[in-house]
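Below is one structure, written out as structure tokens, with a few remarks after it.
The values are calculated or read from the model by the stated rules, or taken from the named source; none is laboratory data. All figures in this text were calculated on a predicted structure; none of them were measured in a lab. As a convention, Cβ positions derive from the backbone with ideal geometry for all residues, glycine included, and neighbour counts pool all protein chains shown.
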Amino acid sequence: MRRVMHSIIAAALVAAPLAAAANPYLAKPGETSVSINRRLVIPANAVAENVEVAREAGVTVKRKPDEIFDNSFAEHLEKSGFLKELWGDLPRGK
């Protein structure tokens, strides 16, 4: 069961940023500029939703969603200017 929980949560952590990054590629005809979200922050609501899905599937999840992930490293990279140096200006998100 633990492996199932880790697989579900890992899939959620990977899928949410990938889906957010893929949406700009679906530009409408005539649009010339496409903005790609390259932020590394894990959306808290995506983790919470996937923890709930895991619980509904019968997986015992003992931790709260905010105890499963830590965005401090990603936030440090952004605050230090590393991501701006690497990618240029980043789109602002929540």
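Of 7, 33, which residue is assigned to a loop (DSSP other than H, G, I, E, B), among the polar types (S, T, N, Q) and either surrounded by fewer than 11 Cβ atoms within 10 Å (Cβ to Cβ) or at pLDDT 60 or above (or both)? Explain how you work it out, then say what you get.
On the way: 7 fails: assigned to a loop (DSSP other than H, G, I, E, B).
It is 33.
Could you please let me know if residue 47 is at pLDDT 90 or above, surrounded by 10 or more Cβ atoms within 10 Å (Cβ to Cβ) and in a loop (DSSP other than H, G, I, E, B)? Don't jump to the end; show me each part of the working.
Numbers: at pLDDT 90 or above: yes; surrounded by 10 or more Cβ atoms within 10 Å (Cβ to Cβ): yes; in a loop (DSSP other than H, G, I, E, B): no.
Answer is no for this residue.
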